[in-house]
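What follows is calculated from the coordinates using simple rules that are stated; it is not laboratory data. No experiment lies behind these values; they were computed from the predicted model shown. All Cβ positions, even for glycine, are placed from backbone atoms using ideal geometry, and neighbour counts span all protein chains on display.
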Amino acid sequence: MLLSGGLDSTTAAAWAKAEGHDLVAVSFDYGQRHKKELTRAKQVAKALGLRSHHVLKVPLGQLGSSALTDKAIAVPRAPRSEKIGQRIPSTYVPARNTVFLSLALAVAEVEGATALVIGANALDYSGYPDCRPEFLQAFETMANLATKAGIEGQGVQVLAPLLRLSKRDIVLLGNRLQAPLGLTWSCYRGGAHPCGTCESCVLRAKGFAEAGVPDPALRPAPKTKRAARAGP
């Protein structure tokens, strides 16, 4: 299970667990701007009772070229929601899912796993090319040609249960499965609270709003006491 600590991967993990899979989680410290997602991934893995959780270091951040790994590149504000996904944004990390799935494939061979589960989504998403069904199908074909397990007839499937769901439907599925969505983190910027303006925050907010449920990861605004009226 590729577990980022975000809404989609957490919902996908809850789905896989409900389907009866015995899950080994894999997360990646790849030089991203902040480590909050890794903290949340650990919390999610514990809350779901996953069998084990690997955190692998991958030096993608050394390559730069992405707003998620190069602090010299500002994380952009999201355009209007209907414009999201129409172009590949600066938050795209070169070959990220290809690298992550390849390392997860190695873990799968060691663990004797028969599937890789990924929370990729090709509807309400930022237009990343490595979230498309064509890519995932091609990776599955390659995986079964490139591994000892595949050659010996015990290959793997790539399972992407959220691939054709809207963010609304992902939120509803996560709620139905009682996924720990309150532990998840989606914001690209990090910080004490989600920024609310990056593409990931905007897409998440859209999903919860369309589902008609509050986002459990957002703290309610603190209540302010009314100033006492002065006496006559």
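Reducing the range 196-219 and the range 106-183 to their Cα centroids gives an inter-centroid distance of 23 Å.
Looking at the range 95-156, the GluC sites (Glu not before Pro) that sit in a DSSP loop and have at most 14 other Cβ atoms within 10 Å of their own Cβ are 152.
In degrees between 0 and 90, to the nearest 10, how far off the longest principal axis of the chain does helix 36-48 point, with axes built from Cα atoms? Orientation of helix 36-48: about 70 degrees from the principal axis.
Per residue, the average separation of C-alpha pairs within less than 8 Å and at least 6 apart gives the range 7-211 a relative contact order of 28 percent.
Indicate, rounded to the nearest 5 percent, the antiparallel portion of the DSSP beta bridges found entirely in the chain.
Numbers: 0 of 10 bridges.
Percent antiparallel among DSSP bridges in the chain is about 0.
Taking the Cα centre of the range 85-184 as reference, the dipole from Cβ charges on Lys and Arg (+1) and Asp and Glu (-1) amounts to some 400 debye.
Under the combined filter of DSSP loop state and at most 14 neighbouring Cβ atoms within 10 Å, the range 1-86 retains these GluC sites (Glu not before Pro): 19.
Once both labels are positioned 7 Å from their Cα atoms along Cα-to-Cβ, the gap between residue 218 and residue 55 label points is 2.8 nm.
With each run of n ≥ 4 DSSP H residues scored as -39500 (n - 2.57), what mean residue ellipticity at 222 nm is computed for the chain after dividing by its residue count and rounding to the nearest 500 deg cm²/dmol?
The per-residue figure over the chain is -11000 deg cm²/dmol.
Pairs of Cα atoms nearer than 8 Å and 6+ residues apart set the relative contact order; for the range 92-137 it is 36 percent. Counting lysine pairs in the range 7-211 that sit 8 or more residues apart in sequence, or on different chains, and whose Cα atoms lie under 14 Å apart gives 5.
Taking the chain as a Gaussian network of alpha-carbon nodes connected by springs under 10 Å, the highest mean-square fluctuation of the residues 153, 64, 127 belongs to 153.
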